[in-house]
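Taken together, the values in this text are just the output of simple stated rules run on the coordinates, not laboratory data. These figures come from a predicted structure and were not determined experimentally. Positions of Cβ are generated from backbone atoms using ideal geometry, with glycine treated the same way; all protein chains shown enter the neighbour counts.
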Amino acid sequence: MSTVGELLRDAVARLAASGSSSPRLDAELLLGDAVGVGRTAVIAHQDSPVGPDAAAAFQRALERRVAGEPVAYIRGLREFHGLALHVDDRALIPRPETELLVDLAEREIATRLTTAPRSPGMPPLRVADVGTGSGAIAVALVSALRRRRMDREVVVVATDVSEAALDVARVNAVSHGVADRMQFLAADLLPAHLDQPYSVVCANLPYVTTGDLAALDGELRFEPSLALDGGPDGLDVIRRLLALLPTSVRPDGVALLEIGADQPDLTLQAVASILPGWRCEILPDLAGRARVARIAPAAPAGRA
Ligand code: GLN
C-alpha cells in the first residue's frame with residue numbers, strides 16, 4: 001500500500017510534466033478529496049497508508065488533471081467569497097477577482113437600505129445578477145446581506161441564457177440557504193421590466209475577445225465559451241446589456257459590470273455612445289487593475 005507521501009511525490013512529478021502551474025497544490029487537494037480529508041491533513045500525515053479504493057480514485061482524478069481539466073471541475077467545488085460552491089462544466093468557474101463585484105454590490109445595497117429605510121409592506125429592493133452562471137455573485141451577495149440581517153429586504157433575480165447554468169445556480173442557492181431571496185430567470189440578459197426596474201444590476205458577462213479565447217488553449221477550453229466569448233473586442237455582450245439599462249435600472253440605481261483589466265477605455269467609450277449622459281467610473285481591484293465599471297443614470301434634476 002502506498003503512503004500519502006509516495007502518492008504525492010509521484011503525482012507532483014506527473015502534474016509538473018503535464019504543465020500544471022500548481023502541481024503540489026493540485027495533488028494535495030485531489031488526494032485530500034480521494035481520501036476524504038482536508039488538504040492540511042494530507043500535508044500532516046505523509047506516512048499514512050492510503051487504501052486501494054482511495055488510491056484508485058486519486059489516480060482517476062489525476063488523469064483528468066493531467067489532461068488539463070481545471071481542479072475545480074474535478075473536485076466539483078470552488079471557494080468563492082468564503083463559500084464552497086458547486087461547480088461543473090455547465091458554468092464558468094468563479095474567479096477570486098469577481099469577489100470585488102460582490103463587495104461593491106453589497107455596499108450599494110447597504111447604502112440604499114440605510115439612507116432610505118424601508119417601511120413594512122414596501123416591496124423588497126430589486127437586484128439583478130445578469131448571466132449568473134454558477135450563481136456565485138448572487139449567492140455570495142445574499143449570504144453577505146444575511147450576515148448583516150439585510151437579506152429580507154432584497155430579492156435577487158438571477159438570469160442566464162443557459163438553462164443548464166441556472167440549474168447549477170439553483171443548487172448553490174439551495175445549498176447555501178438563500179434560494180428564498182432569489183428568483184431564477186432563463187433569459188438572454190435582462191427582459192425589460194418597465195414596471196419594476198432594478199436598484200442594482202450586477203454582471204460578470206463574457207468579455208474575453210474571440211481572438212484571445214482561440215489563442216488560449218489552457219484550462220479555459222474546459223469552460224463554456226458562452227460564458228467567456230465577448231466577440232471581436234470583448235464587449236459585444238456588455239454593449240447589449242448597456243442598451244437595456246435605461247429600461248431596467250431605476251433613476252437612483254446603478255449597474256456594476258466586471259470588465260477586463262485592459263478594457264476601461266473601450267468601456268467608457270461604449271457607455272458614452274450607448275448611454276449619453278450616464279456616469280461611468282472604473283474601479284480597480286486590490287491589485288490596482290481595472291476590474292469593475294460602475295454605471296449610473298444622470299443625476300435627476302435638482303439633486304446633487
Ligand atoms: N476573468 C475571466 C478570465 O480571464 C474572464 C471572465 C469573463 O469573461 N467574464 O478567465
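Of note:
- When the Cα positions of V139, T115, L166 are compared along the charge dipole of region 95-181, T115 comes out farthest toward the positive end, with charges on each C-beta of Lys, Arg, Asp and Glu.
- For region 196-304, the relative contact order comes to 28 percent (Cα pairs under 8 Å, sequence separation of at least 6).
- Taking every DSSP beta bridge that has both ends in the chain, the antiparallel portion is near 40%.
- Cα pair distances exceeding 20 angstrom across region 119-267, given as percent: 50 percent
- Across region 127-175, Cα pairs under 8 Å and at least six residues apart give a relative contact order of 55 percent.
- Arranged from fewest to most other beta-carbon atoms within 10 Å of their beta carbon, I74, I137 become I74, I137.
- Convex hull volume of the Cα atoms of the chain, normalised per residue: 141 Å³.
- From most to least packed by mean Cβ count within 10 Å, the peptides 145-158, 7-20, 268-281 give 145-158, 7-20, 268-281.
- Sorting S119, S199, S134 from the fewest to the most surrounding beta carbons within 10 angstrom yields S119, S199, S134.
- Percentage, to the nearest whole number, of Cα pairs in region 4-68 over 19 Å apart: 19 percent
- Length released on extending from R64 to S22, taking residue separation times 0.36 nm less the Cα-Cα span: 13.6 nm
- The label-point distance for D195 and R289, in a model that sets each label 7 Å from Cα toward Cβ, rounds to 4.4 nm.
- Size of electric dipole in the chain: Cβ of Lys, Arg +1 and of Asp, Glu -1, about Cα centre, debye, nearest 20: 1060 debye
- The ranking of T3, T114 by Cβ neighbour count inside 10 Å, starting from the fewest, reads T114, T3.
- Contact order, relative form, for the chain: 13 percent (alpha carbon pairs under 8 Å, 6 or more residues apart, mean separation divided by residue count).
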